[in-house]
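We did not get these values from a lab; they are worked out from the coordinates using the rules stated. Because the structure is a prediction, the values reported are computed rather than measured. Virtual Cβ from ideal backbone geometry, glycine too; neighbours counted across all protein chains shown.
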Amino acid sequence: MPERVCVVAGVGPGNGTAFTRRFAREGYRVAMLARSAERLDKLAAEVPGARGWAIDIAERDAVVETFERIRADLGPVDVLVHNAAGGAFNEFMDLLPETLELTFRINMLSLLHCGQAAVPQMLERGGGAIVVIGNTSAWRGKAGYAGFAPTKAGQRILAQSMARSLGPQGIHVAYLVVDAVIDVPWARKAFADRPDEFFAQPDAIADAVWHVAHQERSAWTFEMDLRPFAESW
């Protein structure tokens, strides 16, 4: 059997790292995509089976070239976890057009680029899974989120269109709504007065991603929401 391959698009110190470790632990070869070569090199040295490609996944040519290199070096992609996110938290009248364009490129166009590069490889395998990491801004536009929420809502709808198009071809597309502050150092510092249960643990989110990516075909999930037990919603 060929080795299974997972691409994690958007590898930061929280969820992206947890996704990498979770899939590698299960025997996947993991292709990590991020802009920081230093972070990727450090993680690749720690996680057997993980390799990094430093790219901007909002750039289509770079994505196409990188996915071809992944196919040549590791094999066709089985799972894509789209974890890239760009945030801009502005009131509507303060929002610059170029800011909205930037978050659109990071949150939506990068999903289009990565998905279109991964799907032909998945079809070679006879199926696959694409798991998109979103948040509650995909459901509602709050004050101060004019530069962020519209692009996450668009990302969710794009994922839904992908699911309806690709599902009959054996490719499972799912959208995970994370309603939480992730437990990473900068968040602990920013919310220093909050108790442990305020934060969502990246390893727990990674367990949910693993589960969704490996659901039996007769019971696929499209949308799943995750939040700490003490979160008010």
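Listing for the model above:
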| quantity | calculated |
| --- | --- |
| Hits in the stretch 55-78 (condition: under 20 Å from Asn107 (Cβ atoms) and either touching a strand residue (DSSP E or B) at 6+ places or on another chain (Cβ under 7 Å) or part of a helix (DSSP H, G or I) (or both)) | Ile55, Ile57, Arg60, Asp61, Ala62, Val63, Val64, Thr66, Phe67 |
| Output for the stretch 157-186, where each listed residue is part of a helix (DSSP H, G or I), touching a Phe, Trp or Tyr at 6+ places or on another chain (Cβ under 8 Å), free of Cβ contacts under 8 Å to residues at least 60 places away in the same chain and surrounded by fewer than 19 Cβ atoms within 10 Å (Cβ to Cβ) | Gly167 |
| Filter result for Val132 (closer than 18 Å to Asn15 by Cα and either over 16 Å from the mean Cα position of the chain (by Cα) or outside any helix (DSSP H, G or I) (or both)) | yes |
| Residues that are part of a loop (DSSP other than H, G, I, E, B), farther than 25 Å from His172 by Cβ and under 19 Å from the mean Cα position of the chain (by Cα), drawn from the stretch 79-104 | Gly86, Gly87, Ala88 |
| Residue list for the stretch 1-52, restricted to those being exposed (fewer than 15 other Cβ atoms within 10 Å of the Cβ) and outside any loop (DSSP other than H, G, I, E, B) | Arg25, Ala37, Glu38, Asp41, Lys42, Ala45, Glu46 |
| Residues within the stretch 119-145 that are more than 13 Å from Gly86 (Cα to Cα) and in contact (Cβ under 8 Å) with a residue 40 or more places away in the chain, tallied | 16 |
